[in-house]
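S.K.: This is the structure, below, for whatever I ask next.
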């Protein structure tokens, strides 16, 4: 990038000043300090669990059109509130719900204590708009579920929405008396502190009454709820219960990421959990019969575990308190598979292979390597780059040995004649700790000579930066450490100059990072400043000033932050290198 040197020097000085101020502000906001060992100990049960049940249940089950019915149908508050008078789930059976979760192989359960509609599904002194005081049922389902979870050995957890369509402290985005639009709400001027006090009252009740292992936040996206608010709430909660695990949707902090309805192509570096519906709706929808098959769900669980994540699978009970039978059938089918093969899921870590080796997935536990094989057309499975010696290979179904051949770093496993329709699991016992050698993912130019460098094929260098999915293809996100970089390996057919285009997004509050795109080991680079695009999911494509000069052969393209004044770099979806004619 060609810039006036005197202007650039002054600009860098200004950014350095902003960086100091930013770091001071961050240190004040993040008061909870924890070593990596302490974090690992606090989150150990969650990391090992791998599989949980999500439950979306509330008075929206009465109209039975999904949990966003109040907003989507533009129902006035007073009209929607009448559904509470019709909510009488006399067939609710907490022991049965938890039994289904346990028999499905699920180790924890997360239920909506308050969704965006603001109706509280627990006993609370903060509002009469709750299941005990405002329904003919007059019952506290969270109390029953918490007790049953303890009895049956399932971790009890709760969901809580920050956005509240019923709260007098928030007002609809479109305040039409007959046809309001609630999302995203606006805060009533001067009422934020009152609403935070209301939330803290309820959250304290949830912690002291039910002792959840996780508080799963949602609805933290309205503009009036800032990252500072989220950090402050996180710290407050950790003081209430230091053992709590908190997801990242309260904005500004959190222990793990929560991709929704999607599985990342490459597992993020930190803790993460895919939350997903068993059909298309979170809450009960009487017209939604598009249920995922048990085979699909088992393979999704294998996929997620192989990438180091957890799977939080949702059910939507009816207004009568019944989990629909098609959902129960699928969960119990998963549980039957888990009874035989659960050791390849629980307590495992991600596959070290960057790319799939066969039609299936891989997980690791100590010196054991698990192959979750979906199909093997020629009867064999090949694994390339395995440097560690294999002592034995065993099919978990029947605990029967299978033949294998290891030639150098290549392994061939002969599959059983009868394959499991969901996934056949082979356990490989290794002589020593797993070692893998693999060639880097080398990208070649397309027919037009362009290099398309998607986030999904990048090598992420650092302990913060990771992949996420935001309204489209994966992007590099959580880029909050200036030392973290993003690399691609490319094979350049002949030396030449290339124009650089970026597809990226950045919230306006985090713009200003100075970064370079360069070829490692050379002096060739172009630099630019990140401008805001409106939000973290508002992607735009820009062309950088200057050209990147590349020599023939393999090159490593690196995106490197130079100065990061406002706590984050950008969300980077792809880079395109176009040859200059």
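The values are calculated or read from the model by the stated rules, or taken from the named source; none is laboratory data. Since the structure is predicted, the reported quantities are computational estimates derived from the model, not experimental observations. Note: ideal-geometry Cβ built from the backbone for every residue, glycine included; neighbour counts use all protein chains shown.
S.K.: Please work out if residue 84 is farther than 28 Å from residue 329 by Cβ and part of a helix (DSSP H, G or I). Even if it seems obvious, please write down each step before you answer.
M.R.: Working: farther than 28 Å from residue 329 by Cβ: yes; part of a helix (DSSP H, G or I): yes.
Here the answer is yes, as residue 84 does meet what is asked.
S.K.: Mind checking whether some residue in the range 127-142 is within 28 Å of the chain's Cα centre (by Cα) and at pLDDT 95 or above?
M.R.: The answer is yes; a qualifying residue exists.
S.K.: To continue, here is another question. Please enumerate the residues belonging to the range 33-81 that are farther than 30 Å from residue 135 by Cα, assigned to a loop (DSSP other than H, G, I, E, B) and free of Cβ contacts under 8 Å to residues at least 60 places away in the same chain.
M.R.: Those that are farther than 30 Å from residue 135 by Cα, assigned to a loop (DSSP other than H, G, I, E, B) and free of Cβ contacts under 8 Å to residues at least 60 places away in the same chain: 33, 34, 35.
S.K.: Now a separate question. Of the residues in the range 444-472, how many are in a strand (DSSP E or B) and surrounded by fewer than 20 Cβ atoms within 10 Å (Cβ to Cβ)?
M.R.: Summing the residues that are in a strand (DSSP E or B) and surrounded by fewer than 20 Cβ atoms within 10 Å (Cβ to Cβ) in the range 444-472 gives 4.
S.K.: Something else about it: Of the residues 272, 225, 216, only one is in contact (Cβ under 8 Å) with a residue 12 or more places away in the chain, crowded, with 20+ Cβ neighbours inside 10 Å and farther than 26 Å from residue 292 by Cα; which?
M.R.: On the way: 272 fails: farther than 26 Å from residue 292 by Cα; 216 fails: farther than 26 Å from residue 292 by Cα.
Only one candidate qualifies: 225.
S.K.: Determine which single condition residue 105 fails, assuming it passes every other condition in (1) surrounded by fewer than 21 Cβ atoms within 10 Å (Cβ to Cβ); (2) under 18 Å from residue 323 (Cα atoms).
M.R.: Here residue 105 clears every test but (1).
S.K.: Here's something else I'd like to know. Say whether the condition of being in contact with a helix residue (DSSP H, G or I) (Cβ under 8 Å, 6 or more places away or on another chain) and more than 19 Å from residue 54 (Cα to Cα) is met by at least one residue in the range 173-180.
M.R.: So far as the range 173-180 goes, yes, one or more of its residues are in contact with a helix residue (DSSP H, G or I) (Cβ under 8 Å, 6 or more places away or on another chain) and more than 19 Å from residue 54 (Cα to Cα).
S.K.: Sort through 546, 567, 477 and tell me the only one that's in contact with a helix residue (DSSP H, G or I) (Cβ under 9 Å, 6 or more places away or on another chain), at positive phi and in contact (Cβ under 8 Å) with a residue 40 or more places away in the chain.
M.R.: Step by step, each of 546, 567, 477 is checked, and only 567 is in contact with a helix residue (DSSP H, G or I) (Cβ under 9 Å, 6 or more places away or on another chain), at positive phi and in contact (Cβ under 8 Å) with a residue 40 or more places away in the chain.
S.K.: Could you please let me know if residue 497 is farther than 30 Å from residue 304 by Cβ, at pLDDT 95 or above and not in a loop (DSSP other than H, G, I, E, B)?
M.R.: Here the answer is yes, as residue 497 does meet what is asked.
S.K.: Go through the residues of the range 549-568 one by one and say whether even a single one is within 22 Å of the chain's Cα centre (by Cα) and either farther than 15 Å from residue 459 by Cα or assigned to a strand (DSSP E or B) (or both).
M.R.: Checking the range 549-568: at least one residue is within 22 Å of the chain's Cα centre (by Cα) and either farther than 15 Å from residue 459 by Cα or assigned to a strand (DSSP E or B) (or both).
S.K.: Here are 345, 263, 278: which of them is modelled with pLDDT of 95 or more, closer than 30 Å to residue 437 by Cβ and touching a helix residue (DSSP H, G or I) at 6+ places or on another chain (Cβ under 6 Å)?
M.R.: Numbers: 263 fails: modelled with pLDDT of 95 or more; 278 fails: closer than 30 Å to residue 437 by Cβ.
Being modelled with pLDDT of 95 or more, closer than 30 Å to residue 437 by Cβ and touching a helix residue (DSSP H, G or I) at 6+ places or on another chain (Cβ under 6 Å) holds for just one of 345, 263, 278, which is 345.
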